[in-house]
Each structure stands twice: as C-alpha cells, then as structure tokens.
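No value in this document is a laboratory result; all are computed from the given coordinates. Just so it is clear, the model here is predicted, and its values are computed rather than measured. Glycine also receives a Cβ, built like all others from the backbone with ideal geometry; neighbour counts cover every protein chain displayed.
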Amino acid sequence: MIFNKLPSRLGGLLAIVVAAQAAYTVQDSYDQTNFFEGFEFFNYPDPTNGFVKYQSAVEANSMSLAGYANEGVYLGVDYKTMDTSAGRGSVRVNSKKTYNEGLIIADIAHQPAAQCGTWPAFWTVGPHWPYDGEIDIIEGVNLATNTTYTLHTGPGCTFTQGDCNAPGTGNTGCGTPSHDTQTLADGFNEIGGGVYALEWTSSAINIFFFPRTGAIPADITAGTPDPSKWGSPSTSFTGSGCDISSHFKNHQIVFDTTLCGDWAGKVFSEDPVCGTKAATCQEYVKNNPSAFKDSYWLINSVKVYSDDSSPAAKRNTGIARRFNA
C-alpha cells in the first residue's frame, strides 16, 4: 500500500557488564522507506478497554492517521471528528516479525503530547500475555511528565523492582518511573526527541534513554552500537529471581495511542486538571477532537540488532502470530 504524504510536523553490576559485552550486528531496520512493510495494523477492540477505534491500514491511510512525513513515520489520532460511542480513531501497529533478545534502538522525533485522556506506549510483547512477557519502554497517561519502565510476566519472575506478575495477573507488573521529564510527552518533544535503546539478554533487561541534545552516542549514529560504552542504563532488571529466557519470548515491537481505558480512564477524574474538564474521560475524548492534534508519533527509525553468538538470535526469523495483549 502507498501511504499518503502527511503535513510537516531506547541488580547486579556484573549482570549489566555481561549483557554489555555482546557484539551486535543489525538484523532489521525500519524507517520511512519500509516501515509499513515491516509493521502491520491492529484493528481489533482494544484489550485495555480504551475509548478508541483502531484503524486498519486502508482506514488509517484514508483518514491521514498513518504515513510518511518529515523523513519519518507518522502515527496519529483523529483530531477532527466529533466522535460516536465507538471511540476515537487511532493507530496501533506491531512488527510482523518476532524477536528474542538482542538490542532494539528507536530514534523518535515526537511522542503524543501530554493530554487528558491519552495513553501512548512504545513496547514489546509476546503472543501469550502475560506468560511470554511485556516490556514497556515509553508509557504514560493523561498529563504525566515522565515515562514508567515496566515489565509484565506470568508467575515466577521477580526483580528488585518487584513481582512482575503483580497482583497475580500481571496487570500491574514490576517497574519504576524514570523521574526524567525529557523521557515523555512535552519534555521529550521540546528537545526534538531522542533515542531509546532496549538491551535484552538472558541475564538482564536494560533500558537506555539519550536525549537528542548532544547525548546520543556516536556508535549508535554510526550503526555500530556498543552498550558497554554507554554508562549506566536508565533502568536495569537483573538478578536471580527471574529466568528471563523463559518469561520473555517471541516479542513484537508495538507503537500505539489508546484513549481512556484501564489506566488513563481510571485516573482521569483524580487528575487536578483533567478532572475539571469533563465528568468522565470518555466524555472529554468524545467531545474535544481538536485536543488531540498533537497526539502523534513521529518515528525516524527502529533498528533491531542481534548478538549472533546468542542462541536466541536463531529464533528471530518467524512471523508473529496476532496477539491481543
């Protein structure tokens, strides 16, 4: 499909060191030349009960909710239509391929802006949720100012951040807020975005963030990433309380923007600003389309690197089964 051109508009210190010694080679690269060949549209009901109608590729194209713009990939929310009870139009895409361990580097120019009712996320997830795991890299709701790094799993996976199966269903998971306002929404967009890197090995799950303001490592820019030179990650999930290889398998890469739902909708009225705008999250989202004009992703590239010495690298060739996590 040819998409319309759109208007202008990434525990233990030992585990970290071991993970960083991998030699990574590029496996897949997704950008404005091929993103929609490597990613597919999810247009099923939102599993998180959002007030959203995810669009198919044809629908997203016709509504200008997905396409190429400013040498990047645009994924947006309908900001023109007064909505019906079906939910506001939005986009959720996932990689066709699945991945096991390795290094995923996303160069992102813009995230959905801080806005009441929104719940944007950049994440990876396995086909059998929560048993094959989920890694949330960028995630926040409503007017949140920093991302929360979170893992979700089935029973038997615990890190210093907590029980990743909490509260026994995996819905809460284990994680920590970044405490860095440049990692999410307006603070991220004000600096022109940046790079997120997920290093996933059998001994650690490390997440790094590099703001575009002069902090992106030269080896990332050169296409020869070496995490051993990056310093401490923004967060690190390590330790003996979780067999990472058995709890995290066959992950797709996902970008989405849902609205309201189990998190944003639940805390909407508790927000001192959002709670004054409407009686409910759904009412606000339905009646204020223009509020979501800046609720878009602009992705420069997503690159997946593999450690050819890792057994997991040999499993990174399959086409993903459709998931509903």
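Per-residue Karplus couplings for region 161-166, computed as 6.51 cos²θ - 1.76 cosθ + 1.60 with θ equal to phi - 60°, are listed in order as 6, x, 7, 6, 9, 4 Hz, Gly and Pro entered as x.
Its residue count N fixes a reference of 2.2 N^0.38 Å for the chain, and the Cα radius of gyration divided by that reference is 0.94.
Hey, which of these cross-link pairs are over 29 Å Cα-Cα: Lys249/Lys293; Lys80/Lys249; Lys249/Lys303; Lys96/Lys266; Lys229/Lys303? Mind showing how you got there, number by number?
On the way: Lys249/Lys293 36 Å; Lys80/Lys249 39 Å; Lys249/Lys303 19 Å; Lys96/Lys266 31 Å; Lys229/Lys303 19 Å.
Over 29 Å Cα-Cα: Lys249/Lys293; Lys80/Lys249; Lys96/Lys266.
In debye, nearest 20: dipole of the chain around its Cα centre with unit charges on the Cβ of K, R (+) and D, E (-)? Walk me through the numbers before you get to the answer.
Details: 20 positive and 31 negative charges, 116 e Å.
For this selection, approximately 560 debye.
When you count the other C-beta atoms within 10 angstrom of each residue and take the mean per peptide, 293-300, 146-153 line up highest first as 146-153, 293-300.
Rounded to the nearest Hz, the phi-derived 3J(HN,Hα) couplings of region 61-66 under the Karplus curve 6.51 cos²θ - 1.76 cosθ + 1.60 (θ = phi - 60°) are 5, 5, 8, 6, 9, 8, where x marks glycine and proline.
What ranking, highest mean first, results for peptides 223-236, 183-196 when packing means the other Cβ atoms within 10 Å averaged over each residue?
Values: 223-236: 17.1, 183-196: 20.2.
Descending packing order for the listed peptides: 183-196, 223-236.
Over all other residues within a Cβ to Cβ distance under 9 Å of Thr147, the charged ones net out to -3, with Lys and Arg as +1 and Asp and Glu as -1. Between the C-alpha center of region 250-290 and that of region 47-100 there is a gap of 15 Å. Whole-Hz Karplus values for region 293-303 come out as 4, 9, 8, 9, 9, 10, 9, 6, 6, 10, 10 Hz, taken residue by residue from phi with 6.51 cos²θ - 1.76 cosθ + 1.60 and θ = phi - 60°; glycine and proline positions read x. Database remark: amide H of Asp180 closer than 5 angstrom to the amide H of Thr147 (H placed geometrically; neighbours at sequence offset of 5 or more, or on other chains; Pro and chain starts carry no H). Here is how the number arises for the chain: DSSP H runs of 4 or more residues each give -39500 (n - 2.57), the sum is divided by the residue count, and the result at 222 nm is -2500 deg cm²/dmol.
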